[in-house]
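Rule-based calculations on the coordinates, nothing more; no lab input. These numbers were taken from a predicted model, which means no experiment stands behind them. As a convention, Cβ positions derive from the backbone with ideal geometry for all residues, glycine included, and neighbour counts pool all protein chains shown.
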Amino acid sequence: MTVQQAQEGSLSRPAVTDTHYPPQRAGSLLLTWGKRLLWVNMVFSFVFLYAPILVLVIFSFNNSRFAAKWEGFTFQWYGQLLTNEAIISAFWNSIIVAVSATLISTVLGTMTAIAMERFRFPFRKTYDGILYLPVIVPDIVMGISLLAFFALALDWINTALALPVDSALRPGLTTVIIAHVAFNISFVAIVVRTSLRDFNKALEEAAQDLGANEWITFRRITLPLIMPGILGGALLAFTLSLDDFVITFFTTGPGGTTLPIDVFSRIRRSISPEINAISTLMLLMSIVLVMASQSLQRRRD
Amino acid sequence: MGKRRSVYLSFLLGPGAFWLLMFFVIPSLLVVVYSFMERSSSGGVIWNFSLEAYTKLFAFDPDSLFVNDFVVIFLRSFWWAILTTVACLLIGYPLAFYIAQQKPFTRTVMLFMVMIPFWTNFLVRTYAWKFILNNNGLINTFLSELSLPRVPLINTPTAVLIGLVYGSLPFMVLPLYASIEKFDYTLVEAGQDLGANYFRIFTRVFLPLTMPGVAAGCILVFIPAVGQYVVPTILGGGKVSMLGNLLAQQFGAALNWPFGSAIAVIFMILLMAGVLIYFTVEREEEAI
């Protein structure tokens, strides 16, 4: 028996010492039924999770204006998306917001994470709590408070600079980016802090004993080691920013329509094959993002 | 060294702290201040102290089901969030348990299948149900093909609840899986050797040890569910409204910012109290 066969054998029937699997004992009637129920629940859950998405995708290829009646296969709705200027411009706005918010929040979040994990300072515990708040506070509450804040702040700036009405500062893409950074810093900081905690601090100490200053130690030792964490945080920030509707809704203004804002106004009206097509493309994008995050996770492990 | 380190620290901490202070802490405090101001009918507030917003929120209305319609919306939002959390827990716990028992390959595939909806845009997932439940949606189109009468499905509490559970389920399964996966099954054997039956082992060993996952999952589901805006707007048509709709309405069409702020303040107080009570009860249970 080769080593590989032996391993396969141990996979199909785990040894008693393997703590990962429930012990295989002769099942009572109760246990058999329990297992069946678990299986039924699993099947139900995946059908529940996937049936609506599948239906959505299938009907994006439906050759009929009546969204939910199958009339034959077509690509026309995808073709129409490419020539729809409102959707194209909303898409680029979303990319601009997501890329800017990700860049800023990844840098600020990483710096915050290093400060929290490697330094002691007064009110550190308090700041730790504040740092978690944007993750916990419901997005609608954060949205309306930023709406109130930007209205007041822009009003003050416009009055102070005596800007005429037509060139006055208004909410738009910039305010959306600022808002996205505000909630993303916390998410990035949480992810990066985990990777800072995971690696051996002795490596940093060794570098300093060998005469490296703090910057060199960071650049040559710390940064490479936490890179997967930083990338993971950036990916999370990018996804959250790209998907965000509620906070964007309350902080945007004229010319600041992102893809979720455009999609929401369409969904609100009715159902249509175009929305199915946009949704399918957005779904594809999320599958790519999950794959990216999974491969990052594997690299981290 | 000490001085240099404090320079590094302020360089590292400063920008992030400034951003959070300016665009998170101050806006939150501003809402508290706004809730004690007078309403300006053109949006914003008039800078005069007033308790009008709070008296409006708690004024007794004999025509309403309970105290007044705003309180009813509060109660409904919390009740629906509780129902959503319980439903997600009842489906999610056995699912996470099942996944954790699979062989590595199957486990990876199934986790991946939970993660795709987790990362999929919330609007898309909510729209999927509108597509099914709408008056010209999948079910009603199918019924009318069979010359059966259409049924009203959209803009009902059921539609909103389905949407809430559908949107939240992955947020329950992932933290549950993380804590069930860590479970050491030799403890089950120990329990069996000591003569405990499966029910006892589950309630006395398995459940308490996977409680951190349950707590994390419940919080991740409950808090976003109470403050939902997208689901009640799209699947409830604004007719079945929750706190999110009420807040959006006050800062939008109704232009009553102090009242909207007061709702947000009370909402946050209730939420924090709820989370605190939850953790206290849980800790006491652990102690027993």
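Listed values, structure above:
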{"quantity": "Relative packing of peptides B:97-109, B:216-228, A:265-277 - highest average C-beta neighbours within 10 Å first", "calculated": "B:216-228, A:265-277, B:97-109"}
{"quantity": "FRET efficiency estimate (nearest 0.05) - Cβ-Cβ, B:Leu148 to A:Arg36, R0 41 angstrom", "calculated": "0.75"}
{"quantity": "Cα gyration tensor category, rounded, prolate or oblate, for the stretch A:85-300 with a/c compared to 1.5", "calculated": "oblate"}
{"quantity": "Highest to lowest packing among A:179-190, A:131-142, scored as the average C-beta count within 10 Å", "calculated": "A:179-190, A:131-142"}
{"quantity": "Overall form of the stretch A:28-118 per C-alpha gyration tensor (a/c, 1.5; a/b vs b/c)", "calculated": "oblate"}
{"quantity": "For the protein assembly as shown: Kirkwood Rh in Å [reciprocal of mean 1/r, alpha carbons]", "calculated": "26.6"}
{"quantity": "For A:259-269, mean number of other protein chain Cβ atoms within 10 Å", "calculated": "3"}
{"quantity": "Hz values of 3J(HN,Hα) by residue in the stretch B:193-207 - Karplus curve (6.51, -1.76, 1.60), Gly and Pro given as x", "calculated": "4, 8, x, 7, 7, 4, 4, 5, 4, 5, 6, 9, 10, 5, 4"}
{"quantity": "B:Ala59-B:Ser10 pseudo-label distance in nm [points 7 Å out on the Cα-to-Cβ vector]", "calculated": "5.2"}
{"quantity": "Shielding by partners, peptide B:4-17 (average Cβ within 10 angstrom, other chains)", "calculated": "6"}
{"quantity": "Distance between modelled label sites at A:Glu214 and A:Lys201, nm, 7 Å Cα→Cβ extension", "calculated": "1.5"}
{"quantity": "Pair B:Ile269, A:Phe46: separation of 7 Å Cα→Cβ label points (nm)", "calculated": "4.8"}
{"quantity": "Ranked packing of A:251-257, B:196-202, most packed first, by mean Cβ within 10 Å", "calculated": "A:251-257, B:196-202"}
{"quantity": "Rounded if a/c under 1.5, otherwise prolate or oblate - the stretch B:55-287, Cα gyration tensor axes", "calculated": "oblate"}
{"quantity": "Estimated vicinal HN-Hα couplings, Hz - the stretch B:157-164 in sequence order (Karplus 6.51, -1.76, 1.60; Gly, Pro = x)", "calculated": "x, 4, 4, 5, 5, 4, x, 5"}
{"quantity": "Test item: A:92-99 mean partner chain Cβ contacts at 10 Å", "calculated": "0"}
{"quantity": "Axial C-alpha extent at least 30 Å, average Kyte-Doolittle at least 1.6 - helices from chain A (DSSP)", "calculated": "A:29-58"}
